[in-house]
Structures are given as structure tokens and as C-alpha cells.
1. Can you pull the three principal axis extents for the Cα set of segment B:160-281, in Å, largest first?
2. Below 8 Å between Cα atoms, with a sequence gap of 6+, how large is the relative contact order for chain B in percent?
3. Over what distance in Å are the Cα centres of segment A:75-99 and segment B:232-287 separated?
4. Mind checking Rg over Rh on segment B:81-237, alpha carbons, Kirkwood formula for Rh?
5. Mind checking A:96-104 for the average number of partner chain beta-carbons within 10 Å of each residue's beta-carbon?
6. Give the Kirkwood hydrodynamic radius (Å, one decimal) of the protein assembly as shown, defined as one over the mean of 1/r across all pairs of different Cα atoms.
7. Rank these for me by crowding, A:101, B:211, going from fewest to most other beta carbons within 10 Å.
8. For the residues B:4, B:291, what sequence is obtained by ranking on other C-beta atoms within 10 Å, fewest first?
């Protein structure tokens, strides 16, 4: 058995894998936040609660209706995305003309409501979700549980697919155009309000999808998204919201940095992302991939 | 009715209140009122929305409590220490946060407060999940003020609150406050007139952080404990809610908002998670329908009424 700088490789690669998985969630969530902010000018504080709703939807589908993980992977984001449609149509739509801060406050209030209701119904202790792909493989330098490897690959595919859809398709071009100048795009006969609704639903669905992926790894609990969304805000500040690929890279990169810190100096692992944020603000206030508006 | 008359009316109520209501409840309300006023100084007059003010409130509570309990400092000195510690934290976080504007400013302050939360969770002197308990109420001013008596402590707390409130009132109405408002309304123009906008914003941020720290220290002395709850993002949200309910950018709004929210929590404490749900509903309702808050709405009506009666 060899050692790297006094750290057994099992521990090092184990933590790196964990970091990569956390990074996958950061990437998917910050991607959704960036897409929503681009078109709606709302920082969606409900994002963490919607991630939690995704995990809960999967758990309820399994325990109440017996619907397996693979079907929940498709169904849960659609269900949560539909609640997103309602939120956009009934609430967010009324505040677009106001300062951005009001969207932040409104979605913060919504997050309190959603998390409070879930805590009231199911308590704050976690519910286990059975691992859909049990087992794993010993790679020599580390043990890789199949499910975790699958999560990393699946989230990478989802992120890249989102990048492709926004940057390389016609629909994505409409979206980018509407982000720049909604009035002009409307003049070309494109239904921008409907596009806004669908964009919000898409971002929310992405958060829910991350929640479904997280369900077998973490326990499904009402508070699973509360702290996560705060970390994702820091990720968004670090990356800047100007670029889709930037969000993906920043998310995965920060997950890895967090994993490495867990190996090197565990007490700092909770804090390291915020320290990185402070450093980025010093050097490049607009964020690594951001543009100053 | 002028601002001055309203102030005298509220002061009279505050002086009589401990004979009518439970003093510890009133003191908690005053601590939060000062906290909300400090927050309002930043959002209402500098236009900076901090979503991380709990870091100043909570950290100051720990520092003050530790100074009294472990170092044996007299409470008045410990409170000063707590406020200055919060001010120092304000220097660092403020200098970084004002590099971005608007919604990013809110996210950055929120992220920093989460960092302080994790620091307080792990630091040896905070007692982690249990918090810092059993802070003694040592006599103040060399034994002149026996603050173990709730009634005596109430008037001390009221005096400190009035000091903080008066300081904020002076700041707002000073030339410095006028420049802050100018920056809030149109930063480019203020800069073109030769004002260093960033320096003004930073000073406002530090003043607000210090006063929030004073409120947190005061709370630690009153409650005799400091806990993690006071450093959470939920607490940062709560102070935003207090200012919103009362009316952002009004002098008395945050006081009214704090009293309402603390009273509500007092009555609903037994219902657990419903407190959060109701706070969420209030947030949504205010953003959608009552953005001026209670005092803001009343002031508008009053102005319209007196303008009408003058005709």
C-alpha cells in the first residue's frame, strides 16, 4: 500500500469522489439559478426547498405508490417543475417590475413555507431511500460504489445536455435573446411570458432532479436543502452568472476543493468555499466567468 | 402628528411598560428592535440589503458572554467588546461585500454569515450546539446597578436602546446620512460630485454592524446565554422581516416590526414549525401587497389626510 503525502489513497480518493458528487449538486443547482436569474431577474431562494421536494417526491413515489427510482428520476422533476409553473404564474409574475431584492425576499418566504410544511408533515429526521444500484467495485486505489459513480456521470451528462440546449439549439438561442432583450424578442412573435414560465419550471426541475439523485446518498429530510442553497449562492458568486459552462466548471471545481480540504484539514471543509468566495471577490469581483453588468 | 410627538408617545409607553408586561419579554423586544434599527440604517438609508446581519448579532453575543463568564469583565465593558468585535467583522466582510451591488451584495453577506455560523459551530469558546450558557448578570458600573433585578435591567436596556436609536437618528440626519441617501438614489451622480461612494457605504456598513453587535451583546446579557440560533441565516431573515413589516426606511418602522414579530413568536412558540410558515406567509404577503410596511403605509395615509384637510 502506498501513501501520498501521508494520506492513505483510500481516504484521499474516497473524499475526492464525495467532493465530485457534492460538486455535481452544486453544478446542477447553480446552473438552474443562473438560467432563472438570466431570464426572470430573480434569485430563486426556493431552490434548496425545491431540491428537497425532488427528493421527497421520489421517496413518496416509492413508499406510497411503489414507483421505482428510475421512473421517479423522470416523474419527480416533472411534478416539482409543475409546482414551479404555479409559483411563477401566481406569484413571481407580479413582481418582475420591482427591484431584484423583492424576488429574493418573496422566494425566501416561499422556502420558509415549503420547509415548514414538510417539517410539520414528516418531521426533520431523515427518511432512508434504498440504493437502486447496490454494490461497487474495488479499483485498487479506492472502492467505488456503483451508485456514486453513476451519479457523477449522470449529472455530468445532464449539465452538458443543458449547456448544449442553451448554447447550440434554436430554442436556446431564443432563450439567450430573451435574456438580452425580452421586448425585442416579443416583437418577433415569440411568446416570452410562456418562455419565462417554462424556464422557471426547467430550473426548478433541474433542482428536483438533483434532489432525486441525492435521495439514495443522503437521507431525505425537510432540511436537506436549507444549508445547501446557501453554499450554492457562494458558488454562484464565485462563478458569476454570465456563463453556463462557467457554472458547471465552478460547481464541480468547488466540490473537489471541498473534498480535498476534508482530507487535509477537516474542520475547514465547511468554510473553504466561503474563503474562496472572499478571495475571488478580492481578485475578480465580477466572478470567475462573470461579466459586470 | 410630528415624528417628535410619536417619539415621546413611544417613550412614555416604554417607561410604563414593565409594570404592565413581563420585563424579560420587553427586554427581548428592545434588543431585537435595536437590531432591526441597525439593519434598517443600511437598507433604508444606504440602499444596501444585507442578508447576513445575524453574523454580527450572534458573534457579538458570544464575545460578550465569553468576556463576562470566562474573563470576568463587567457587563458594560463586555457589551462594548461585543459591539467592537462585530464592528471589526463588519470591516472585513463589508470591504469585500461592497465590491458587488444589488442582489449579489445580499448573497455575499448571506454567504459570509454562513461562514461565521460554521465558525461558531466549531470554535472552542462557543460551546458548539449547546451554546454559551449561564452567563452571570454581574452588577454594572462597579455595583451601582444591581442588574440581577429584572426591573433595574429593563431600564438599563431601555437606556442602551435609546442610545443606539439616538445614534442612528443622528447618523441619518447628519451630512453623512444625506450623502448616503444621495448614493442610494443615484450612485453615479454622487461619485461625479466627488463623493467616494465606496467609503461611505463601508462606513455605513461598519456602523450598522457595530450597532447590531451592541444589540446581540445586550441580548446575551438579558437572556444569560448565547446560542447558534442567533447566527443562522434564519435569524438574518428574521431581522429583514422585522424591518419589512414595520417599514424600511422609516425611523420607527423597525421598532414596530420587531415588537410585532417578537410578540407573534411569543404566542406561537408552542406550535413549532408553524412560526416559520407564518413568517414565510408574511414575507410573501408584504412583498406582494404592502411593500411600505405598517409605519410606511400609516405615514402615507397621514400625509394624504393632512394635505386634504389643509385644502
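1. Its Cα atoms span 55, 32, 24 Å along the three principal axes.
2. Values: 491 pairs, mean separation 98.8, N = 311.
Taking the mean separation of contacting Cα pairs over the length of chain B, I get 32 percent.
3. Result: 24 Å between the Cα centres.
4. Numbers: Rg = 18.2 Å, Rh = 17.6 Å.
Reported Rg/Rh, Kirkwood definition of Rh: 1.03.
5. Details: counts 0, 0, 2, 5, 5, 10, 5, 2, 9.
Taking all residues of A:96-104 together, the mean is 4.
6. Working: mean 1/r = 0.0393 Å⁻¹.
By the Kirkwood definition, the hydrodynamic radius is 25.5 Å.
7. Details: A:101 19, B:211 30.
Lowest count first: A:101, B:211.
8. Working: B:4 8, B:291 17.
The fewest-first ordering by Cβ neighbours comes to B:4, B:291.
A short reminder: the numbers here are calculations on the coordinates, not readings from a lab. Since we're looking at a predicted model, the values are computed, not measured. Counting neighbours? That spans all protein chains shown, and the Cβs are built from the backbone with ideal geometry, glycine included.
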